[in-house]
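A short write-up of the structure that comes next.
The values are calculated or read from the model by the stated rules, or taken from the named source; none is laboratory data. A quick note: this is a predicted structure, and the numbers were derived from the prediction, not measured. Cβ: placed from backbone, ideal geometry, glycine included. Neighbour counts: every protein chain shown. Calculation scope for accessible area: heavy atoms of the full protein, side chains included, ligands and nucleic acids excluded. Shrake-Rupley method; radii C 1.70, N 1.55, O 1.52, S 1.80 Å.
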Amino acid sequence: MKNFSTMKHFWRFLVATALVALTVQANAAPLSSAQRLSLLNGLCGPEQVTALNLLVEAAASEERVWASRIIESLSNGTFICSSERGPLISGSDAVLDAATLAPAVGVAASEELPLVPTIVLRRALSIVTAQLDLTSPDLKTRRAAATQVNDSFASLNPTVVARALAAEKDTEIKASLLMALAKRGLQSDVPSERLKAIAAIAEVPSEAGRTLLINYLDSKIDTLDAESVSAARSALQSINDMLRLGHVASVIFSGLSYGSILLISALGLSIVFGLLGVINLAHGEFIMIGAYSTYVVEQLMQSYVPGLFDAYIFVAIPVAFLICALLGVVLEVCVIRHLYTRPLETLLATWAVSIALIKLVQLTFGSQNVEFITPEFLNGGMRVFAGFFITWNRIFAIALALLIFGMTYFLIKRTRFGLLVRATTQRRDTARSLGVAAESIDRLAFGLGAGLAGLAGVVLTQITSVNPSMGTSFVIDAFMVVVLGGAGSLVGTAVSSLFLGQINQFIEPLYGAVAAKVTVLLLIVLIIQRRPQGLFALKTRT
């Protein structure tokens, strides 16, 4: 008799489930009280997962508030299956009728025990919560939910995911949801569903889709029909072609990014070396001081103006430039100006200054890397097409490098100061005889070069580790750029930065960083043998 009662309840639930499903899928009027109650009884019976999937569909329709509240109560352990009063929700102040969300009359929270979800139900709740988060207004929440749905594709609700996909605008989330639906479709026994899934994977080429199709063909090649096999192989070929194109674009973008860093690092050195003929081994430490100036600005804004914290990178640009420029002027007045005719002593003196600056920073900030909080607008990136993803911090580096180069070029080529700098560089004695204060030009030019190095430090805070020794590696690369491009030539510095950046990024993925450096050095040697003054030589001081 008991078995008969259980079967009777089961068949009633199946009928009610069919009615609820038809109502939800048709996106018709809200569920009636009887339909809600039948669905809730399913959560208290043997078909919990089926009822939970219907709740997800209801949450995506006009029953969102009610269905979301039921799912929340299941997750936090406040859903009650009462044999006498029906499904209830234990609230903080009162017990609610789960069907209406109205207070239940004459029921105390302590009288009933909440439903304890099984392991299967807990797993289903996790997936259900992720599917509900697909409609969240927060982008990060939706991305995390899409990733979870993609990982749990076998348990997703196709109706809900398809509805979220149709409303989604973010390309990354759309790719994840398309992949999830495609994975599910590949498991179908219906050939047309499999073909749709294969076509969907080909529409959004990715490494994940490529791996999925390879594994799918390897595992099911003997059981698939000829049309599905042909479609999968065609899709795989299309994905491979797109990924190869994306890889080439990624290498070019990485080369531009690395070249922009080289350009900012070498721009100031080019001016100093070209005008003064000074091999400034402390140039890398000016880069480091610019980075630490950015760190100080970040800490101050985080403490005193947290509302404008994301703008600290823009505040740090003039601060780092001024600090490094002033230090450069002091260095020129106190050390460099007394050693112009003694290049070996200048080399040793600037090396000593670099060591002193490193030790000073170590005493002030410590020897460990300092941590930066990346501004919100520089986090993440954008998928342009298959295999090609650009990051906002690299775009920022490229844009700032172009801006700095443009402003420096205008200053040197279109202003009176630039005219005096060029005159002093090309005909120093003639400029002096015409009344040009060459010593003052030297001082200002050295300060300009140091300030530009500080700007390189600002950019590098968003890309690489910041520590007292960070400038050592960059000063070597900067000298290579200046020697190849030609001392004092801004155009030569830009061209050589781009050239070395692209060469380095093409070789490094294939043979490693050491091979890339060796190749770059060999190319520089070969070019310098033919053009000792660099690619774009200028006349220096005489």
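Against the chain, whose longest principal axis is taken from its Cα atoms, helix 139-151 shows a tilt of about 60°.
A straight chain from SER83 to ASN369 at 0.36 nm per residue would run longer than the Cα-Cα distance by 96.8 nm. About its Cα centre, the chain has a charge dipole of approximately 1940 debye under the convention of +1 per Lys or Arg Cβ and -1 per Asp or Glu Cβ, with nothing else charged. Summarising the label geometry, the points placed 7 Å from Cα in the beta-carbon direction at ARG530 and TYR304 lie 5.6 nm from one another.
The share of accessible area on the chain that comes from carbon and sulfur is 63 percent, using a 1.4 angstrom probe. In this simple spin-label approximation, VAL248 and ALA352 carry label points 7 Å from Cα along the Cα→Cβ vector, and these lie 5.5 nm apart.
Each Lys or Arg adds one and each Asp or Glu subtracts one; over the other residues with Cβ under 14 Å from the Cβ of THR464, this totals -1.
Note on GLN187/VAL65: beta-carbon distance plugged into 1/(1 + (r/R0)^6) with R0 of 22 Å gives a FRET efficiency of 0.05. Computed over Cα pairs, the Kirkwood radius of the range 395-542 leads via Stokes-Einstein (1.306 mPa s, 10 °C) to a diffusion coefficient of 93 µm² per second. Taking the Cα centroid of the range 129-144 and of the range 266-345, what is the distance between the two, rounded to the nearest whole Å? Value for the Cα centre distance between the two parts: 44 Å.
Does the range 412-457 classify as rounded, prolate or oblate by the C-alpha gyration tensor (a ≥ b ≥ c root eigenvalues; a/c under 1.5 gives rounded; else a/b over b/c gives prolate, otherwise oblate)? Verdict is prolate for the range 412-457.
The tail of the calculated P(r) for the range 161-241 beyond 16 Å holds 46 percent of all Cα-Cα pairs.
Remark: the range 387-426 is approximated by an ellipsoid whose semi-axes, taken from the C-alpha gyration tensor as √(5λ), come to 33, 8, 6 Å, largest first. Across all directions, the shadow cast by the convex hull of the range 258-316 built on its C-alpha atoms averages 4.9 square nanometres.
Among the cysteines of the chain, CYS324, CYS334 have no other cysteine beta carbon within less than 4.7 Å of their own. Taking a ≥ b ≥ c as the square roots of the eigenvalues of the Cα gyration tensor, an a/c ratio of 1.5 or more together with a/b no larger than b/c marks the range 225-341 as oblate. Quick one: which of LYS174/LYS196; LYS413/LYS517; LYS169/LYS196 span more than 24 angstrom between C-alpha atoms? Exceeds cut-off: LYS413/LYS517. Taking Lys and Arg as +1 and Asp and Glu as -1, the other residues whose beta-carbon sits under 15 Å from that of ALA349 total -1.
As I understand it, the value is the acute angle between the Cα axis of helix 513-530 and the longest principal axis of the Cα atoms of the chain; what does it come to in degrees, rounded to 10? It works out to around 30 degrees.
Close amide H contacts of GLY91 (hydrogens built in the peptide plane, cut-off under 5 Å, sequence separation of 5 or more or a different chain): LEU96. Relative to the longest principal axis of the C-alpha atoms of the chain, give the angle of the C-alpha long axis of helix 64-76, reported between 0 and 90° and rounded to the nearest 10°. Helix 64-76 sits roughly 90 degrees off the main axis of the chain. Dividing the summed helix terms, -39500 (n - 2.57) for each DSSP H run of n ≥ 4, by the number of residues in the chain produces a 222 nm estimate of -23500 deg cm²/dmol to the nearest 500.
With all protein chains kept in place, the per residue accessible area of the range 474-542 amounts to 53 square angstrom at a probe of 1.4 angstrom. The label-point distance for SER230 and SER136, in a model that sets each label 7 Å from Cα toward Cβ, rounds to 4.5 nm.
Using the Cβ-Cβ distance between LEU113 and ASN76 with R0 = 22 Å, the FRET efficiency computed as 1/(1 + (r/R0)^6) comes to roughly 0.90. Computed extension length for ASN215-LYS359: 46.3 nm, one decimal, from 0.36 nm per residue of separation with the Cα-Cα distance subtracted. Less than 5 angstrom separates the built amide H of VAL466 from those of VAL370, all sequence-distant by 5 or more or on a different chain. Amide H contacts under 5 Å for GLY381: TRP392, restricted to partners 5 or more places along the chain or on a different chain, H placed in the peptide plane at 1.01 Å from N. FRET efficiency for the pair THR171 and SER469, taken as 1/(1 + (r/R0)^6) with r the Cβ-Cβ distance and R0 = 51 Å, rounds to 0.80. Only protein heavy atoms count here; under a 1.4 Å probe, LEU490 has an accessible surface of about 10 Å².
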